[in-house]
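Below is one structure; the comments refer to it alone.
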Amino acid sequence: MTDEPSPDSPVPGIAPEQFLRMITTRSVMRTYSERPIAPQVVDALLQGMESAPNAANTQAWSFVVVQDPRNIRRLRSFAPGVFGVPALVVMACTDNSRGLEEEADKAARSMCVAMAVENLLLTAHAHGLGGCPVHSFRPEALRLLFDLPSSIEPVLLAPIGYPASEPRPSRRRARKEFISYETYGQHTPVSRTR
Ligand SMILES: Cc1cc2nc3c(=O)[nH]c(=O)nc-3n(C[C@H](O)[C@H](O)[C@H](O)COP(=O)(O)O)c2cc1C
């Protein structure tokens, strides 16, 4: 493995191996120090988040960035999945007023939000921050608390902060249990040299 930028890398200075290391060293963080996050770092997090792929570029999403400690405390009382006291929480929502009305579109909107949250978590990790996607919360309580209009539906929360403990890598299943090649259940890749 080398840190030398690959000639194939579209971003000078970032080798694919370095990028992969960034992704594979992220793990969920649920305890946070009291250190605040500088505004320019918050801006970088949002930049990473908003650049996520999304269906037909409809960007049918809406995010509420909660940083006031009183609002974080209120939010936590309706979100048992949020542990510790993060410096900020992003409430990631679908914007159901955008895109088509079909039911299939509803699922696509949620997928877009999930992709944005993953981008957010990876950008946070690149800045030395930790975070966690959280689905355990009471959406209707948060709707009232944060004045969400009826078209805005919270899908995931993302508490973010500087870690108060060493991140513990989560175990992954053996690849052969969930990756097939060409047809389901075939675990040996077909070699392609052409
Ligand atoms: C859709 C989704 C919902 C999750 N909800 C919660 C949650 O409510 N509370 C929580 O503590 N962690 C939650 N997690 C975090 C997972 O537990 C965590 O990502 C998983 O254990 C794998 O660990 P890793 O992120 O370190 O790889 C959620 C993750 C995802 C993707």
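The values are calculated or read from the model by the stated rules, or taken from the named source; none is laboratory data. This structure is a prediction, so every number in the text was calculated from the model and none was measured. Cβ sites come from the backbone with ideal geometry, for glycine too, and all protein chains shown count toward neighbours. Remember, those area values only see protein heavy atoms, side chains included, never the ligands or the DNA or RNA. Shrake-Rupley method; radii C 1.70, N 1.55, O 1.52, S 1.80 Å.
Contact annotation: residue pairs with Cβ atoms under 7 Å, 6 or more positions apart or on different chains, pairing a residue in the stretch 164-193 that is over 30 Å from GLU34 (Cα atoms) with a partner that is among the aliphatic types (A, V, I, L, M) and part of a loop (DSSP other than H, G, I, E, B), are TYR181/VAL190; GLU182/VAL190. Reported count of residues in the stretch 64-81, each being closer than 23 Å to VAL41 by Cβ, out of contact with any helix residue (DSSP H, G or I) (no Cβ under 8 Å at 6 or more places or on another chain) and within 15 Å of the ligand (Cβ to nearest atom), is 1.
Among the candidates PRO53, PRO86, the residue that is open to solvent by less than 40 Å² (accessible area, probe 1.4 Å) and closer than 29 Å to SER151 by Cβ is uniquely PRO86.
PRO36 fulfils the conditions (1) open to solvent by 90 Å² or more (accessible area, probe 1.4 Å); (2) within 15 Å of the ligand (Cβ to nearest atom); (3) over 30 Å from ARG171 (Cβ atoms) except for a single criterion, (2). Summed over the stretch 14-33, the residues that are under 22 Å from VAL82 (Cα atoms) and more than 16 Å from the ligand (Cβ to nearest atom) give a count of 1.
In the stretch 22-39, the residues that are assigned to a helix (DSSP H, G or I) form Cβ pairs under 9 Å with partners that are at pLDDT 95 or above and within 13 Å of the ligand (Cβ to nearest atom), at six or more places apart or across chains, as follows: MET22/LEU122; MET22/HIS125; ILE23/LEU122; ILE23/HIS125.
Against the numbered list (1) away from the ligand (no atom under 16 Å from the Cβ); (2) assigned to a loop (DSSP other than H, G, I, E, B); (3) open to solvent by less than 90 Å² (accessible area, probe 1.4 Å), SER170 comes up short only at (1).
Between LEU157, LEU129, LEU145, the distinction of being closer than 23 Å to PRO36 by Cβ, surrounded by 10 or more Cβ atoms within 10 Å (Cβ to Cβ) and more than 16 Å from the ligand (Cβ to nearest atom) belongs to LEU145 only. Total residues in the stretch 57-81 satisfying the condition of being in contact with a Phe, Trp or Tyr (Cβ under 9 Å, 6 or more places away or on another chain), of a type in the set (Val, Ile, Thr) and open to solvent by less than 10 Å² (accessible area, probe 1.4 Å): the figure is 1.
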